[in-house]
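Enquirer: Provided herewith is a single structure, encoded as structure tokens, for subsequent inquiry.
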Amino acid sequence: MRRTFPLVIAFTMGLLMMIQYFIPHPISQKFYKIMVQQWLIIISIFFYVFAWRSFGLYHINKIKRRKEGWWASVVAFVGVFFMLLAGFGDRIPGGIGHFIYKYFNFDDLYNYMFAPLQATMFSLLAFFIASAAFRAFKARTMEATLLLVTATIVMLGRVPLGASMWKGLPKVVEWILMYPNMAAQRGIMIGVGLGMIATSMKIILGIERSYLGGE
Amino acid sequence: MHISTNPWVWIAAILTLAIYSFLYKDNPFYKFAEHLFMGLSIGYGAVVLWYNSIIPRLWNPLAHGTSPSRFYLLIPIAIGLLSFGIFSKKYSWLIKYPLAFSVGAYAGFSIPVTFEASIFEQISGTILTKQMMATPWLAISNLIMFVGVITTITYFYFSKHHKGLLGKSARTGIVFLMLAFGASFGYTVMARISLLIGRMQFLLHDWLGIIK
Amino acid sequence: MGFWDRFLKIDRRWVFLVVWIAVVIPLLKPLGLPTHITPPVKKLYDYIDRMEGEDKAVFLSFDFDPSTMPELLPMGVAIIRHCFAKKIPIIVYGGLYPQFVGMAKMAIDMAKTDFPDIVYGKDYVFLGYVPGLSLVILSIGESIQGTFGNDYFGNRLDTLPLTMHVDNYEKIGIVVDLSGSSIPASWVAYAYQRYGCRIGCGTTAVSAAQYYPYLQTGQFVGMLGGLKGAAEYEELLERNGIPTGRRTATIGMDAQSVVHLLIILLIILGNIGYFYVRRRERRA
């Protein structure tokens, strides 16, 4: 019940979803439609509890044990409730919930708080990549030199300044991307594709079970 | 210079600067902004999920629907509800059912399309056709592409020692890989700088109104 | 300790400062460098342009969150503007994760300012979030109404003229996926391979190099890569007399040029220092 039955379910579902691709019979089509459009999407809705639980447990634990920076976890919860109240506050008559809903527009919270925070956090990488390029990007070997030269050509050729220096540069970059780069990316893609197929087969056959929790 | 009078723009600017304060060193302003972001993200996701998915996909069909087949929805709902088993140590094994159902199905329907998209189409795109050899330059370019694909794949073939012909091929594969990684690195620099430019445009245009 | 030793061990915050200056100065004093159009962008632009007057819609999927906003949002805005100007019906989809929905909303709000005659429900529809990732891509192939039920605003899709007419990939001329992750590959696998729907892609510069195999096989009609791709699309709109609004991507390209030059300079200086110190240590 606890181990074998889930594996049987995974095997059955995997097999059915795989073979229906090759069978255009109305029953196969109907099964596919019900599974894809209803069952699997509805089940996916409930998977959010995993994310919410991990978020809650991590921060509650931090606050309870007064770990360093525990106050920041309180801020995280404030963020959650602020957004929830801005989204659902209309259902709460009076009180703080209604106040937040009335004065803090849900879209504004996204546009002026969530979006700038995340965008800025990722923009920090611009500084770190510049620093890393200066410190770590060295032509130590033949391979590293090749990488370095290609990177430099691409960096120059993909900006207007490169085209102003030499008109042919964008074409050279396009050629690098379209032929040698594409060849290597395709080799990687074929390898990854084969890996994905092998992993899927292992899941269906019950060889790969880690997704069921540490087995 | 037209400094914004919109309080929301000021909030966004202050939060932006709070994140940038990390460049000097880690500090409470950064921590505040970072954790606020995490919380807002979870809250936003929950609200969107409620209005865009739970209401139209679960509540409306069951509460307002008229079709008798709507009760079949109770089966996936019941399977999905087993996910709540995660909150109990005793019943946490119940989550294996919705997981097995979904992961099994995903694995099943991904196999044929992955074969087509990542294997067949890519092999077919590598086979040299007359059209690909139309001009001498095109022929050279496509021959380089052909050699590149074959040698890159051989580099990732680990079932045999990279010696002899296989070794030579794998070493050629490394050359192609380095070219590709170089191109990717150049592009990565571009991407990271773009993000910074975006934030600077916000600060200088939307907030301070210094640039047009 | 010599000059190069000290230089190589310089506090990284000086590097940060130089990068910041290199971004800010071109924004304050633009260089006005011309935008060169590349074939993958032109192909996507032309494909959408040719859909004018056809009985099919563009399906624009916003599969990104604010982390890649500066690169991908201008692409979304430009494509929506293109469709609005040419009266090509467009379904804007808020993406495969809930945090993506806000980006789509932002793009629509930015794009529609110059098109007052555009009618919601007839000229465009905004679809919200449904969980399931690749399942959603498959499910759209069966029925958009069945997949979403309502639009983002809670209207039933069977009451909107556009979604009454366009219910699956048969009536979709192209899916354009804007994403900085591997999601465009999922659209290729599930929408193109399974349902034969044409795919276009707007991606971050980080991901652009890895998608060239899809361009060569025709699995992608065309591709916009990074801020440069967005600037090229803006340029094409401008050349064809379509209102572009504030061209954020094009404005950013001057700063991009200067910072690239700076980083190349940093790499060269870093290498000179490295080889100088190494040679000295070997001699010693």
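Enquirer: In region B:80-126, what residues are facing another protein chain (nearest Cβ under 7 Å), farther than 24 Å from residue A:201 by Cβ and among the aliphatic types (A, V, I, L, M)?
Expert: B:81, B:86
Enquirer: Assuming residue C:147 fulfils every condition listed in (1) at pLDDT 95 or above; (2) within 11 Å of chain B (Cβ to nearest Cβ) apart from one, which condition is it?
Expert: Going through (1) at pLDDT 95 or above; (2) within 11 Å of chain B (Cβ to nearest Cβ) one by one, residue C:147 breaks only (1).
Table: residues versus (1) within 26 Å of the chain's Cα centre (by Cα); (2) buried (at least 17 other Cβ atoms within 10 Å of the Cβ); (3) under 16 Å from residue C:98 (Cα atoms).
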site	(1), (2), (3)
A:48	yes, yes, yes
A:53	yes, no, no
A:57	yes, no, no
A:68	no, no, no
A:81	yes, no, no
A:84	yes, yes, yes
A:94	no, no, no
A:100	no, yes, no
A:105	no, no, no
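Enquirer: Is one or more of the residues making up region A:33-41 touching a residue at least 60 places away in the same chain (Cβ under 8 Å) and within 7 Å of chain B (Cβ to nearest Cβ)?
Expert: No, region A:33-41 contains no residue that is touching a residue at least 60 places away in the same chain (Cβ under 8 Å) and within 7 Å of chain B (Cβ to nearest Cβ).
Enquirer: Moving to a separate point now. Out of all the residues in region C:44-64, is one or more out of contact with any strand residue (DSSP E or B) (no Cβ under 7 Å at 6 or more places or on another chain) and at the interface with chain A (Cβ under 9 Å from one of its Cβ atoms)?
Expert: Checked region C:44-64: no residue is out of contact with any strand residue (DSSP E or B) (no Cβ under 7 Å at 6 or more places or on another chain) and at the interface with chain A (Cβ under 9 Å from one of its Cβ atoms).
Enquirer: While we're on this one: Mind checking whether some residue in region C:228-244 is surrounded by 24 or more Cβ atoms within 10 Å (Cβ to Cβ) and either over 23 Å from residue B:197 (Cβ atoms) or of a type in the set (Lys, Arg) (or both)?
Expert: For region C:228-244, residues surrounded by 24 or more Cβ atoms within 10 Å (Cβ to Cβ) and either over 23 Å from residue B:197 (Cβ atoms) or of a type in the set (Lys, Arg) (or both): present.
Enquirer: Scan A:46, A:88, A:106 and give me the residue that is more than 18 Å from residue B:33 (Cα to Cα), facing chain B (nearest Cβ under 8 Å) and touching a Leu at 6+ places or on another chain (Cβ under 7 Å). Step through it out loud before you land on a result.
Expert: Values: A:88 fails: touching a Leu at 6+ places or on another chain (Cβ under 7 Å); A:106 fails: touching a Leu at 6+ places or on another chain (Cβ under 7 Å).
The conditions single out A:46.
Enquirer: Out of region B:14-31, which residues are assigned to a helix (DSSP H, G or I) and either buried (at least 20 other Cβ atoms within 10 Å of the Cβ) or modelled with pLDDT under 95 (or both)?
Expert: Here is the first cut: in region B:14-31, the ones assigned to a helix (DSSP H, G or I) are B:14-23, B:28-31.
Listed by number, the residues that qualify are B:15, B:16, B:18, B:19, B:20, B:30.
Enquirer: Looking only at region B:125-169, how many residues end up being touching a Ser or Thr at 6+ places or on another chain (Cβ under 7 Å) and of a type in the set (Ser, Thr, Tyr)?
Expert: 3
Enquirer: Additional query: Looking at region A:160-170, is at least one residue hydroxyl-bearing (Ser, Thr, Tyr), crowded, with 20+ Cβ neighbours inside 10 Å and more than 30 Å from residue B:111 (Cβ to Cβ)? So that I can check it myself, show each step before the final result.
Expert: Keep residues of region A:160-170 that are hydroxyl-bearing (Ser, Thr, Tyr), which gives A:164.
This time we only want the ones that are crowded, with 20+ Cβ neighbours inside 10 Å, so: none.
No, region A:160-170 contains no residue that is hydroxyl-bearing (Ser, Thr, Tyr), crowded, with 20+ Cβ neighbours inside 10 Å and more than 30 Å from residue B:111 (Cβ to Cβ).
Enquirer: What residue, of A:155, A:182, A:189, A:178, is surrounded by fewer than 20 Cβ atoms within 10 Å (Cβ to Cβ) and assigned to a helix (DSSP H, G or I)? Walk me through it before giving the result.
Expert: Numbers: A:155 fails: surrounded by fewer than 20 Cβ atoms within 10 Å (Cβ to Cβ); A:182 fails: surrounded by fewer than 20 Cβ atoms within 10 Å (Cβ to Cβ); A:189 fails: surrounded by fewer than 20 Cβ atoms within 10 Å (Cβ to Cβ).
The unique qualifying residue is A:178.
Condition check ((1) in contact with a helix residue (DSSP H, G or I) (Cβ under 8 Å, 6 or more places away or on another chain); (2) at the interface with another protein chain (Cβ under 10 Å from one of its Cβ atoms)) across all residues:
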| residue | (1), (2) |
| --- | --- |
| C:169 | yes, no |
| C:172 | no, no |
| C:180 | yes, yes |
| C:184 | yes, no |
| C:189 | yes, yes |
| C:193 | yes, yes |
| C:197 | yes, no |
| C:226 | yes, yes |
| C:234 | yes, no |
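Enquirer: Here is a list: C:264, C:251, C:268. Which entry is surrounded by 20 or more Cβ atoms within 10 Å (Cβ to Cβ) and within 12 Å of another protein chain (Cβ to nearest Cβ)? Lay out the reasoning, then the answer.
Expert: Working: C:264 fails: surrounded by 20 or more Cβ atoms within 10 Å (Cβ to Cβ); C:268 fails: surrounded by 20 or more Cβ atoms within 10 Å (Cβ to Cβ).
Going through C:264, C:251, C:268 in turn, just one is surrounded by 20 or more Cβ atoms within 10 Å (Cβ to Cβ) and within 12 Å of another protein chain (Cβ to nearest Cβ): C:251.
Enquirer: Scan B:61, B:98 and give me the residue that is over 19 Å from residue A:80 (Cα atoms), of a type outside the set (A, V, I, L, M, F, W, C), modelled with pLDDT under 95 and assigned to a helix (DSSP H, G or I).
Expert: On the way: B:98 fails: modelled with pLDDT under 95.
Unique residue meeting the criteria: B:61.
Enquirer: Does any residue of region A:155-162 turn out to be at the interface with chain B (Cβ under 7 Å from one of its Cβ atoms) and within 26 Å of residue B:153 (Cα to Cα)?
Expert: Here is the first cut: in region A:155-162, the ones at the interface with chain B (Cβ under 7 Å from one of its Cβ atoms) are A:155, A:158.
Pick out the ones that are also within 26 Å of residue B:153 (Cα to Cα) and you get none.
No, there is no match, as no residue in region A:155-162 is at the interface with chain B (Cβ under 7 Å from one of its Cβ atoms) and within 26 Å of residue B:153 (Cα to Cα).
Enquirer: Let me ask you something else. When residues of region A:147-165 are filtered for being farther than 15 Å from residue B:191 by Cα and touching a Lys or Arg at 6+ places or on another chain (Cβ under 7 Å), how many remain? It would help to see each step written out before you state the result.
Expert: The first filter runs over region A:147-165 and keeps only residues farther than 15 Å from residue B:191 by Cα, leaving A:147-150, A:153, A:160-165.
Narrowing further to those that are touching a Lys or Arg at 6+ places or on another chain (Cβ under 7 Å): none.
The number of residues fulfilling the criteria is 0.
Enquirer: Also, quick follow-up: Only one of these is among the charged types (D, E, K, R), more than 23 Å from residue C:55 (Cα to Cα) and modelled with pLDDT under 95: C:109, C:114. Name it.
Expert: Working: C:109 fails: modelled with pLDDT under 95.
None of the others qualify; the one that does is C:114.
The values are calculated or read from the model by the stated rules, or taken from the named source; none is laboratory data. All values derive from a computational prediction rather than experimental measurement. All Cβ positions, even for glycine, are placed from backbone atoms using ideal geometry, and neighbour counts span all protein chains on display.
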